[in-house]
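Working notes, structure below.
The values are calculated or read from the model by the stated rules, or taken from the named source; none is laboratory data. Values in this document were obtained by computation on a predicted structure and should not be read as measured data. Using ideal geometry, Cβ is built from the backbone for each residue, glycine included, and neighbour counts are taken over all protein chains shown.
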């Protein structure tokens, strides 16, 4: 198993795409952006951050409800902290899988907005610029360098390679095969984008007409 130190990366600021504040360049890639609500199990989730935090407490609907009820992604994150003692015991082992699942849903349901943004990054490394979090992002260590695991940025790069550069639009995202992966005490089904549902309805109407 790799240590956190072994997973660290060094980036030259002038050679990468960075994102940090949601109202600045590439801020749409941040989990703190409130412009990308998600639709899961007939429930509207205000942000990708709210969904990620809620899944930390997948066996505690009350905690999930309070997190998801927050309009602000940052508030959702802060509310999550008070429930830390209810956190899944396997959270550190599954959190990357959960984050990727969340990001796949975000990209799928907001493809027309996010695909062009990811395409604009070209083949450059994508880095979440952080002042202190060196796991999800990377921080400035001077000499024009950023250091961190940059897990969020690397997940975006992987999605870019598999879906944007190949023009392979994500229609549906299956649930993770994780025990107790539930939302409001219900199993999570396959999550599809709006176009998928519209196309299916059109196919049904066509089938009825012939």
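Points to keep in mind about this one:
- Selection from region 175-198 of residues that are in contact with a strand residue (DSSP E or B) (Cβ under 8 Å, 6 or more places away or on another chain) and in a loop (DSSP other than H, G, I, E, B): 175, 181, 184, 188, 190, 193
- Residue within region 62-80 that is touching a strand residue (DSSP E or B) at 6+ places or on another chain (Cβ under 9 Å), under 23 Å from residue 154 (Cβ atoms) and touching a residue at least 60 places away in the same chain (Cβ under 8 Å) present: no
- Unique match (being in contact with a strand residue (DSSP E or B) (Cβ under 9 Å, 6 or more places away or on another chain), within 25 Å of residue 16 (Cβ to Cβ) and not in a helix (DSSP H, G or I)) among 132, 106: 132
- Candidates 59, 93, 10, filtered to the one that is surrounded by fewer than 18 Cβ atoms within 10 Å (Cβ to Cβ) and in a strand (DSSP E or B): 10
- The lone exception for residue 88 - which of (1) touching a helix residue (DSSP H, G or I) at 6+ places or on another chain (Cβ under 9 Å); (2) in contact (Cβ under 8 Å) with a residue 40 or more places away in the chain; (3) part of a helix (DSSP H, G or I) it fails: (3)
- Of the set (1) buried (at least 21 other Cβ atoms within 10 Å of the Cβ); (2) more than 18 Å from residue 184 (Cα to Cα); (3) touching a helix residue (DSSP H, G or I) at 6+ places or on another chain (Cβ under 8 Å), all apply to residue 74 but (1).
- Residue within region 147-170 that is within 22 Å of residue 50 (Cα to Cα), outside any helix (DSSP H, G or I), at pLDDT 95 or above and touching a helix residue (DSSP H, G or I) at 6+ places or on another chain (Cβ under 8 Å) present: yes
- Filtering region 62-85 to residues that are over 16 Å from the mean Cα position of the chain (by Cα) and in a loop (DSSP other than H, G, I, E, B) leaves 69, 70, 71, 82, 83.
- Near pairs, Cβ below 6 angstrom, 6+ apart or cross-chain, from region 161-173 (more than 15 Å from residue 117 (Cβ to Cβ)) to any residue that is in a loop (DSSP other than H, G, I, E, B): 172/190
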